[in-house]
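Take a look at the structure set out below.
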Amino acid sequence: MSVELLDLKNDFVFKQVFGTEENKDVLISFINAVIRTPIIYDGTEVATDRVKVYMLSLPKFDPQTEMEKAQKDLLTKWMTFLKRPENGEILGNKEIKKSYKVLEVLSRDKEGTGVL
């Protein structure tokens, strides 16, 4: 049975998928994909006095034309997941699969608690 997935751009949904202690590995994978250098690991954050701002433009991103690149590029996989999460399960990344499962549980939950 297919369930209509909630929108990851919703604040509550995004926090449940990326901002919980049990999903710390998901957030670390996403951040490392964005910064393109795996410098964040479980239990460590790099402290610096410099600030970099990264902008991801989902409206301009077209997963259809990026699928070939997605086979190699983790950021493209995450962008595809953010825009069309139903593709997340087939991309072959364990953190994206975990995110998809969390999103699926949230989408089935009628009370908004995150628990079926």
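What is the distance, in nm, between label points placed 7 Å from the Cα along the Cα-to-Cβ direction at SER2 and at VAL51?
Roughly 4.3 nm, to one decimal.
Given R₀ = 22 Å, what would the calculated FRET efficiency be for LYS101 paired with ASP11, taking r from the Cβ atoms and rounding to 0.05?
It comes to 0.60.
Just by accessible area at a 1.4 angstrom probe, what is the order of PHE12, PHE81 from largest to smallest?
The residues order as PHE12, PHE81, largest area first.
Carbon and sulfur atoms: what percent of the 1.4 Å accessible area of region 1-65 do they account for?
56 percent
Which order do THR48, THR80 take by accessible area at a 1.4 Å probe, largest first?
Of THR48, THR80, the descending order of accessible area is THR48, THR80.
Put a dot 7 Å past each Cα toward the Cβ at ILE39 and LYS24; how far apart are the dots in nm?
Each label point lies 7 Å from its Cα, and together they span 2.0 nm.
Report, in listed order, any pair from LYS9/LYS101; LYS52/LYS98; LYS60/LYS101; LYS15/LYS101 with a Cα-Cα distance greater than 23 Å.
LYS52/LYS98; LYS60/LYS101
The values are calculated or read from the model by the stated rules, or taken from the named source; none is laboratory data. Bear in mind that the values here come from a model prediction, so they are computed numbers and not experimental data. With ideal geometry, Cβ positions are generated from the backbone for all residues, glycine too; neighbour counts draw on all protein chains shown. Just the protein is used for accessible areas: all its heavy atoms, side chains included, with ligands, DNA and RNA removed. Shrake-Rupley method; radii C 1.70, N 1.55, O 1.52, S 1.80 Å.
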